[in-house]
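Student: So that we are looking at the same thing, I have put the structure below in structure tokens.
The values are calculated or read from the model by the stated rules, or taken from the named source; none is laboratory data. Since we're looking at a predicted model, the values are computed, not measured. Cβ placement follows ideal geometry from the backbone for every residue including glycine, while neighbour counts extend to all protein chains displayed.
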Amino acid sequence: MNYEPRSSMVEFQDSIFAQDRPILESQRPELLPLDLQAELHLRSDRTAIAYRRWLRELGVRTGAS
């Protein structure tokens, strides 16, 4: 069985991941207040609000974006 095509694909993916790694590892997510009254929200924030409510229900004190 010839594994060459798979091997070249894995090498390609590894090279892409290697390029992204320094950027991903340098990210420091901003802490999110879970108190929804601490910020002004728009209708477009519904998903973020649901996420913060879910974190609060889980007992998380501070979320990360």
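Student: Pick from segment 1-19 the residues that are surrounded by fewer than 10 Cβ atoms within 10 Å (Cβ to Cβ) and either aromatic (F, W, Y) or not in a helix (DSSP H, G or I) (or both): which of them is modelled with the lowest pLDDT?
Tutor: M1
Student: Provide a single number: the residues in segment 21-34 that are more than 28 Å from D45 (Cα to Cα) and either at pLDDT below 90 or surrounded by 10 or more Cβ atoms within 10 Å (Cβ to Cβ) (or both).
Tutor: Residues meeting the conditions: 1.
Results for (1) among the basic types (K, R); (2) assigned to a helix (DSSP H, G or I), shown as yes or no for each residue.
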| position | (1), (2) |
| --- | --- |
| E25 | no, yes |
| H41 | no, no |
| R46 | yes, yes |
| R52 | yes, yes |
| R61 | yes, no |
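Student: Still on this structure: Residue pairs, Cβ under 9 Å, 6 or more apart or interchain, first in segment 27-42 and over 16 Å from L55 (Cα atoms), second modelled with pLDDT of 80 or more and assigned to a helix (DSSP H, G or I). List them.
Tutor: What qualifies is E39/D45; H41/A48; H41/I49.
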